[in-house]
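Okay, so here's the structure we're looking at.
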Amino acid sequence: MKEETVTLFRPVGTKELTLIKVSGFNSFPPRLPEQPIFYPVLNEEYAAQIAR
């Protein structure tokens, strides 16, 4: 059975992007205590909209 790849979009800042690069682009860094919810979306336009 072929696995389907799903691209998730999540707005990140410069520090988070650096941590993502360090992971080899394999994972997001742990959430901060004040950011307990990971809210990925399937649409890049919507991700940019909610990041504002």
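The values are calculated or read from the model by the stated rules, or taken from the named source; none is laboratory data. Everything numeric in this text was worked out from a predicted model, so none of it was measured. Because the Cβ atoms are built from the backbone with ideal geometry, glycine has one as well, and the counts that use them run over all protein chains shown.
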Some residue of region 26-34 being part of a helix (DSSP H, G or I) and surrounded by 12 or more Cβ atoms within 10 Å (Cβ to Cβ): no
Meets criteria (exposed (fewer than 10 other Cβ atoms within 10 Å of the Cβ), of a type in the set (Asp, Glu), outside any loop (DSSP other than H, G, I, E, B) and more than 11 Å from the chain's Cα centre (by Cα)) for residue 3: no
All positions within region 18-44 that are hydroxyl-bearing (Ser, Thr, Tyr) and at pLDDT below 90: 27, 39
